[in-house]
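Engineer: Have a look at the structure that comes next, please.
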Amino acid sequence: MLKRFGNYLRKKLLLVILIGFVIGITATVFSHKAIEATSTPESCEMCHVHPHVTESWKLSVHYDTRVGIHIGCVECHLPPKGQGFLKEKIKASSKDLYGYIFKDSADFNWEAKSTLEHAQHFVFKESCINCHQNLFPLTLTKDGQDAHLYYSQNEEELRCINCHLNVGHYDPNAMHAKNVDFGGSGDESKEKYTEAATVNSHDNYIETIPGTTIAFNMKAIPGGSFKLGSPEGEQMRKADEGPQKTVNVSSFFMAEIEVSWDEYLAFYSATAAEGRSTDTEGTRTEADVDAISGPTPPYGQPDQNWGLGTRPAITMSYRSVETYVKWLSQVTGKTYRLPTEAEWEYAARGGTETPFFFEGNPKDFGEQGFFGKLFGKGSDSVNSYVVYDKNSGLRTAEPEGIEANPFGLKNMLGNVAEYTADWYAEDAYATLQDGTTDPKGPASGEEHVIRGGSFKSEIGEVRSAARAHTESKAWMKTDPQMPKSIWWLSDCNFVSFRVVCEFDEKTGKN
Amino acid sequence: MSKNNFSRRKFLASAAAVGAVGAMGAGTLSSCSTGGGSAAAGGGGIYDWAKREYPFPPMLDAVPDGKVLKAGIIGCGGRGSGAAVNFLEAGGASVAVTALGDVFQDRVDSLQAKLKKNNDTEIADENCFVGFDAFEKVIASGVDIVILATPPKFRPEHFEAAVKARKHCFMEKPIAVDPVGIRQVLAAAKMADAAGLKVVTGTQRRHEASYINLFKECNDNNAIGKITGANVYWNGGKLWHRDSNPDWSEMEWMIRDWVNWTWLSGDHIVEQHVHNLDVANWYIGKAPVKALGFGSRQRRVTGDQFDNFSIDYVYDDGMHIHSTCRQINSCDGGVYEIFHGTKAIATTAGHKPQIVDAAGNQIYQAPKSDVSPYVQEHIDLITCIRQNIPFNEAAATAESVMIAIMGRVSAYTGKEVTYEEMMNSDMKLGPETFIMGDLGYMAKAEVPVPGTLDRKPKK
């Protein structure tokens with residue numbers, strides 16, 4: 001029987017091949033059609049519920065193209081066909097379908113998802129390059145030439161969206177140019193201070209910056225001794241926080257809040273330099289001048305469009321910050337500077353020896369999932385003192401709504417990390433003597449210590465003892481300017497600083 | 001011909017292959033839907049930054065037939081005149097020089113007369129242009145090729161303008177004097193690649209059969225083993241200088257005396273010694289990552305340059321090469337390169353590229369060609385244009401010029417200078433705008449004193 005069927009097939013070999021061929025073609029055509037049909041913007045929108053997504057796309061240069069073609073969702077949000085298209089399509093559609101059925105799209109932090117950090121996971125560089133094959137068209141501008149040249153020499157580390165983030169979804173606030181107007185609209189109606197605060201004793205005072213409308217609170221921090229670092233048993237502790245050493249800290253003053261945009265822009269407008277005077281042989285003709293020359297205009301929006309005002313100033317380079325304190329000292333006649341690491345931790349602890357200056361251990365607040373929200377016993381306390389990844393919405397916060405620590409200082413542990421004066425070394429405490437007064441950290445180093453977590457930090461990183469350091473190279477990776485700015489960071493939006501004022505003869509010390 | 005390793009048949013085969021690859025590249029560029037892979041930076045150039053591959057020029061003895069190619073000369077001084085004559089010799093009846101431009105009338109007049117007398121080439125007065133904007137007029141005069149031979153300060157601007165006007169270029173080294181100029185050349189070179197333009201840069205050793213044969217013996221046949229160090233030299237006499245002339249403005253004097261001014265020439269380590277540094281980059285296959293050097297000014301008469309440099313260049317793997325250059329008369333010297341390998345030594349001393357053992361016994365002598373390399377580079381340019389072979393030396397030469405600049409900055413300042421620093425530097429020499437008048441530049445100019453200059457941003 002089988003044999004006869006076999007013979008039959010052999011005789012009708014051509015027919016069999018033909019039928020197989022037709023079935024194959026049909027399957028291919030229909031599966032192709034199915035893929036096409038489920039790859040249109042309309043089909044994406046069915047599950048991918050996202051406020052303004054279609055509107056912002058229609059306002060973007062990828063919808064309103066010069067040549068009159070529309071670039072759809074999958075052309076950027078999936079890799080090109082043959083480069084993982086199907087795999088990513090299945091991943092993306094299952095994720096969207098899951099979100100559509102089980103989640104409420106209103107709960108998503110869409111703004112955070114459209115930042116570079118998140119966008120790089122669903123915008124494919126291969127897809128950009130698939131269409132944009134010539135990065136050096138004859139019409140390219142001078143700035144474009146420099147930027148694309150830099151890209152072509154650092155292709156591995158850079159993505160197209162490092163610079164061209166908003167080309168698929170229009171953002172009216174996005175800026176891709178030198179921001180010469182930044183911080184320009186000050187409040188002219190307010191009265192300007194004519195004199196800096198006079199300080200005669202070690203008490204809290206309000207500093208007033210002459211020639212500006214800016215005033216800020218300074219808290220008197222009484223000197224004392226404390227244990228620097230964390231004990232070995234502390235939850236989520238890292239090795240560089242030990243061994244604990246007892247050190248003495250002299251009295252000083254510290255700003256209640258991280259330097260605000262208002263404060264920083266007063267400095268910026270007083271010192272901003274139009275040109276650059278940074279380089280090699282160029283300095284040959286330049287005489288040394290005493291006047292403090294401050295930052296050049298930033299590239300893009302330093303405040304990330306989160307707002308200015310009392311929010312902490314961000315994206316300033318360490319050099320900018322050093323220049324700021326020099327300027328502030330000059331205009332106020334006092335000795336302002338960055339805190340040392342020891343001063344910072346002493347002030348942050350406010351006399352406590354626990355992981356936080358309030359009650360609780362990191363793990364009490366760590367799980368903030370569904371059950372954590374319902375039953376997490378201490379989450380109220382952490383939320384009133386610390387802006388970190390679970391409550392920040394991944395952006396900086398204004399300090400008004402935050403409770404102060406025992407020394408009256410706000411946002412020591414969260415909101416933004418803070419530059420300190422010390423060089424970073426993993427083993428800095430190991431070489432420190434017990435009983436040292438006002439330690440200043442290692443004599444030299446590559447990177448500076450930053451302290452206090454930020455709106456991006458997990459709970460373990462906002463402990464009083466947690467340490468971190470600057471990353472000079474990584475934080476400047478995508479600055480498209482040649483040369484890169486020495487004043488503004490292109491790839492770090494979570495570090496600010498807090499000033500301290502020395503308690504010395506200028507501030508009432510006998 | 002028998003000594004020449006390049007047979008026409010061999011070349012045509014490889015040219016066809018290169019042409020086919022080029023055509024494929026062009027195909028992917030024109031279509032959005034096909035997978036282009038990493039063609040993002042514009043394929044087709046002779047020098048691939050990522051792969052650091054260096055294909056050789058075609059090296060034909062004579063240009064292939066083709067439609068007449070018209071060239072315009074920008075910069076009619078010594079090198080521009082020489083290049084014009086080399087170009088005509090290379091192309092014969094199938095090429096023509098049809099336009100001239102210079103900042104000085106007498107330079108244009110003299111080349112116009114010379115070409116008429118010696119080369120039977122008549123250039124109409126309306127195709128002769130004078131002034132700082134002469135280059136634009138030459139480019140717009142209907143030429144296919146521009147020959148850029150002004151002092152190198154002006155090269156980046158001229159090159160970019162030529163590329164944007166879709167002209168093939170012969171541009172004389174060095175192609176810039178500062179990092180800003182280097183980056184302008186690099187970007188324009190990418191545009192040239194994307195537009196399919198051909199660029200030759202006057203580094204004629206790369207078109208000299210004996211140098212190529214020696215390179216192949218070292219590189220392809222591993223005749224000297226791994227290179228562990230090198231010495232490169234241009235230690236020669238003074239070039240020339242121009243004394244002041246009451247009829248000249250300050251700018252005119254500086255430009256007529258350009259080999260003595262850093263902002264115009266880049267100093268002699270850049271202007272002249274770049275030839276040898278370029279050979280080092282070529283043979284070693286990469287550029288050094290930093291330099292520490294010194295130099296001084298002993299007997300130069302005019303300008304603000306040094307007249308001697310000694311630079312220690314260091315590579316990413318720790319290898320050192322030593323470069324020295326001098327422009328002082330009545331001293332001993334030489335112009336050549338030596339590469340020390342684990343097995344033997346490659347040297348070009350006495351303009352006799354060869355491989356010797358440690359005792360100096362010859363192991364290999366590189367065959368030469370009868371064609372002058374100064375003509376050969378034009379034959380190669382014309383060949384690449386006519387056969388549509390992707391060929392663009394700008395990026396490779398920019399890298400060589402950049403390491404010369406790096407050496408200069410190190411010697412001027414006394415500080416160690418890295419390649420990365422140079423790539424990110426905003427150094428731009430000379431006045432911002434060019435007018436034929438008095439700028440007060442010379443009064444301010446100083447010869448650099450090492451150890452007194454702040455190289456890094458002031459803290």
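The values are calculated or read from the model by the stated rules, or taken from the named source; none is laboratory data. These numbers come from a predicted model, not from an experiment. Cβ sites come from the backbone with ideal geometry, for glycine too, and all protein chains shown count toward neighbours. Ligands, DNA and RNA are excluded from the accessible area calculation, which covers all protein heavy atoms including side chains. Shrake-Rupley method; radii C 1.70, N 1.55, O 1.52, S 1.80 Å.
Engineer: Specify the residue that is surrounded by the fewest Cβ atoms within 10 Å (Cβ to Cβ); the eligible residues are those in the stretch B:188-202 that are in contact with a Cys (Cβ under 9 Å, 6 or more places away or on another chain) and not hydrophobic (A, V, I, L, M, F, W, C).
Structural biologist: B:K198
Engineer: Among the residues of the stretch A:212-247, write down those that are in a loop (DSSP other than H, G, I, E, B), open to solvent by 40 Å² or more (accessible area, probe 1.4 Å) and farther than 18 Å from A:A428 by Cα. Please lay out each step first, then the result.
Structural biologist: Of the stretch A:212-247, the ones in a loop (DSSP other than H, G, I, E, B) are A:212-214, A:222-223, A:229-238, A:242-244.
Those still in the list that are open to solvent by 40 Å² or more (accessible area, probe 1.4 Å) too: A:222, A:231-233, A:235-238, A:243-244.
Across the stretch A:212-247, the qualifying residues are A:P222, A:G233, A:Q235, A:M236.
Engineer: Does A:T139 qualify as being within 13 Å of chain B (Cβ to nearest Cβ), over 18 Å from A:T40 (Cα atoms) and either touching a Gly at 6+ places or on another chain (Cβ under 8 Å) or part of a loop (DSSP other than H, G, I, E, B) (or both)?
Structural biologist: Numbers: within 13 Å of chain B (Cβ to nearest Cβ): yes; over 18 Å from A:T40 (Cα atoms): yes; either touching a Gly at 6+ places or on another chain (Cβ under 8 Å) or part of a loop (DSSP other than H, G, I, E, B) (or both): yes.
So A:T139 passes the test.
Engineer: Can you name every one of the helices (runs of 4 or more DSSP H) wholly within the stretch A:350-404 that holds 1 or more residues which are open to solvent by 20 Å² or more (accessible area, probe 1.4 Å) and modelled with pLDDT of 90 or more?
Structural biologist: Working: elements: A:362-366, A:370-375, A:379-385.
Ranges flagged: A:379-385.
Engineer: Which condition number does A:K11 fail, the rest of (1) more than 27 Å from A:P172 (Cα to Cα); (2) at pLDDT 85 or above being met?
Structural biologist: Single failed check for A:K11: (2).
Engineer: Same structure, new question: Which residue out of B:Y374, B:Y419, B:Y364 is open to solvent by 10 Å² or more (accessible area, probe 1.4 Å), in contact with a strand residue (DSSP E or B) (Cβ under 9 Å, 6 or more places away or on another chain), touching a residue at least 24 places away in the same chain (Cβ under 8 Å) and more than 12 Å from every other protein chain (Cβ to nearest Cβ)? Spell out how you get there, then give the answer.
Structural biologist: Working: B:Y374 fails: in contact with a strand residue (DSSP E or B) (Cβ under 9 Å, 6 or more places away or on another chain); B:Y419 fails: more than 12 Å from every other protein chain (Cβ to nearest Cβ).
Testing whether each residue is open to solvent by 10 Å² or more (accessible area, probe 1.4 Å), in contact with a strand residue (DSSP E or B) (Cβ under 9 Å, 6 or more places away or on another chain), touching a residue at least 24 places away in the same chain (Cβ under 8 Å) and more than 12 Å from every other protein chain (Cβ to nearest Cβ) leaves just B:Y364.
Engineer: A further question follows. Suppose we filter the stretch B:282-303 for residues that are closer than 21 Å to B:V180 by Cα and within 17 Å of the chain's Cα centre (by Cα); how many remain?
Structural biologist: 1
This table checks each residue for (1) within 17 Å of B:R205 (Cα to Cα); (2) among the polar types (S, T, N, Q); (3) in a helix (DSSP H, G or I); (4) open to solvent by 10 Å² or more (accessible area, probe 1.4 Å).
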{"position": "B:V232", "(1), (2), (3), (4)": "yes, no, no, no"}
{"position": "B:L239", "(1), (2), (3), (4)": "no, no, no, yes"}
{"position": "B:D243", "(1), (2), (3), (4)": "no, no, no, yes"}
{"position": "B:D247", "(1), (2), (3), (4)": "no, no, no, yes"}
{"position": "B:E252", "(1), (2), (3), (4)": "no, no, yes, yes"}
{"position": "B:L264", "(1), (2), (3), (4)": "no, no, yes, no"}
{"position": "B:H275", "(1), (2), (3), (4)": "yes, no, yes, yes"}
{"position": "B:V279", "(1), (2), (3), (4)": "yes, no, yes, no"}
{"position": "B:A287", "(1), (2), (3), (4)": "no, no, no, yes"}
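Engineer: With respect to A:E88, determine if the residue is surrounded by 15 or more Cβ atoms within 10 Å (Cβ to Cβ) and not hydrophobic (A, V, I, L, M, F, W, C).
Structural biologist: yes
Engineer: Out of A:F108, A:F124, I need the residue that is within 28 Å of the chain's Cα centre (by Cα) and within 14 Å of chain B (Cβ to nearest Cβ). Which one? Please lay out each step first, then the result.
Structural biologist: Values: A:F108 fails: within 14 Å of chain B (Cβ to nearest Cβ).
When all the criteria are applied, what remains is A:F124.
Engineer: Hey, among B:V180, B:V185, which residue is in the same structural domain as B:G77 (by TED's automatic domain parsing), crowded, with 24+ Cβ neighbours inside 10 Å and on the phi < 0 side of the Ramachandran plot? Spell out the reasoning first.
Structural biologist: Values: B:V180 fails: crowded, with 24+ Cβ neighbours inside 10 Å.
Result of the check over B:V180, B:V185: B:V185.
Engineer: Filter the stretch B:65-76 for residues that are open to solvent by 20 Å² or more (accessible area, probe 1.4 Å) and in a loop (DSSP other than H, G, I, E, B) and give the result. Walk me through it before giving the result.
Structural biologist: Residues of the stretch B:65-76 that are open to solvent by 20 Å² or more (accessible area, probe 1.4 Å), as a first pass: B:65-68, B:70.
Within the stretch B:65-76, B:D65, B:G66, B:K67, B:V68 meet the criteria.
Engineer: Is it fair to say B:E446 is surrounded by fewer than 16 Cβ atoms within 10 Å (Cβ to Cβ) and within 11 Å of chain A (Cβ to nearest Cβ)?
Structural biologist: Working: surrounded by fewer than 16 Cβ atoms within 10 Å (Cβ to Cβ): yes; within 11 Å of chain A (Cβ to nearest Cβ): yes.
Spelling it out, B:E446 is indeed surrounded by fewer than 16 Cβ atoms within 10 Å (Cβ to Cβ) and within 11 Å of chain A (Cβ to nearest Cβ).
Engineer: When residues of the stretch A:116-148 are filtered for being under 19 Å from A:Q301 (Cα atoms), touching a helix residue (DSSP H, G or I) at 6+ places or on another chain (Cβ under 7 Å) and open to solvent by 40 Å² or more (accessible area, probe 1.4 Å), how many remain?
Structural biologist: Residues of the stretch A:116-148 that are under 19 Å from A:Q301 (Cα atoms), as a first pass: A:116-119, A:143-144, A:147.
Now narrow it down to the ones that are touching a helix residue (DSSP H, G or I) at 6+ places or on another chain (Cβ under 7 Å): A:116, A:118-119.
Checking the rest, the ones that are also open to solvent by 40 Å² or more (accessible area, probe 1.4 Å) come to A:116, A:118.
Residues flagged as under 19 Å from A:Q301 (Cα atoms), touching a helix residue (DSSP H, G or I) at 6+ places or on another chain (Cβ under 7 Å) and open to solvent by 40 Å² or more (accessible area, probe 1.4 Å) within the stretch A:116-148 amount to 2.
Engineer: To continue, here is another question. Scan A:Y63, A:Y98 and give me the residue that is closer than 19 Å to A:S43 by Cα, of a type in the set (S, T, Y), part of a helix (DSSP H, G or I) and more than 14 Å from chain B (Cβ to nearest Cβ).
Structural biologist: A:Y98
Engineer: Can you name the residue in the stretch A:149-170 that is within 18 Å of the chain's Cα centre (by Cα) and within 17 Å of A:W57 (Cβ to Cβ) and, of all such residues, is most open to solvent (accessible area, probe 1.4 Å)?
Structural biologist: The qualifying residue most open to solvent (accessible area, probe 1.4 Å) is A:H164.
Engineer: Follow-up question, since we're still on this one. Which of the residues belonging to the stretch B:422-443 are within 11 Å of chain A (Cβ to nearest Cβ) and not in a loop (DSSP other than H, G, I, E, B)?
Structural biologist: B:M422, B:M423, B:Y441
Engineer: Within the stretch B:391-414, is even one residue assigned to a loop (DSSP other than H, G, I, E, B) and within 14 Å of chain A (Cβ to nearest Cβ)?
Structural biologist: To start, the set of residues in the stretch B:391-414 that are assigned to a loop (DSSP other than H, G, I, E, B) comprises B:391, B:393, B:414.
Subset that is within 14 Å of chain A (Cβ to nearest Cβ): B:414.
Yes: one or more hits.
Engineer: Quick one: would you say A:L78 is in contact with a helix residue (DSSP H, G or I) (Cβ under 7 Å, 6 or more places away or on another chain), within 14 Å of chain B (Cβ to nearest Cβ), free of Cβ contacts under 8 Å to residues at least 40 places away in the same chain and open to solvent by less than 50 Å² (accessible area, probe 1.4 Å)?
Structural biologist: Working: in contact with a helix residue (DSSP H, G or I) (Cβ under 7 Å, 6 or more places away or on another chain): yes; within 14 Å of chain B (Cβ to nearest Cβ): yes; free of Cβ contacts under 8 Å to residues at least 40 places away in the same chain: no; open to solvent by less than 50 Å² (accessible area, probe 1.4 Å): yes.
Answer is no for this residue.
Engineer: For the structure I just gave you, tell me whether A:H448 is within 14 Å of chain B (Cβ to nearest Cβ) and at pLDDT 95 or above. Explain how you work it out, then say what you get.
Structural biologist: Working: within 14 Å of chain B (Cβ to nearest Cβ): yes; at pLDDT 95 or above: yes.
In short, yes.
Engineer: Go through the stretch B:196-233 residue by residue and tally those that are of a type in the set (K, R) and in contact with a strand residue (DSSP E or B) (Cβ under 7 Å, 6 or more places away or on another chain).
Structural biologist: Going through the stretch B:196-233, the residues of a type in the set (K, R) turn out to be B:198, B:205-206, B:216, B:226.
Add one more test, that the residue is in contact with a strand residue (DSSP E or B) (Cβ under 7 Å, 6 or more places away or on another chain), and what stays is B:198, B:226.
Looking only at that region, the number is 2.
Engineer: On to the next question. Name every residue in the stretch B:358-382 that is modelled with pLDDT of 95 or more and hydroxyl-bearing (S, T, Y), in order of residue number.
Structural biologist: Hits for the stretch B:358-382 are B:Y364, B:S372, B:Y374.
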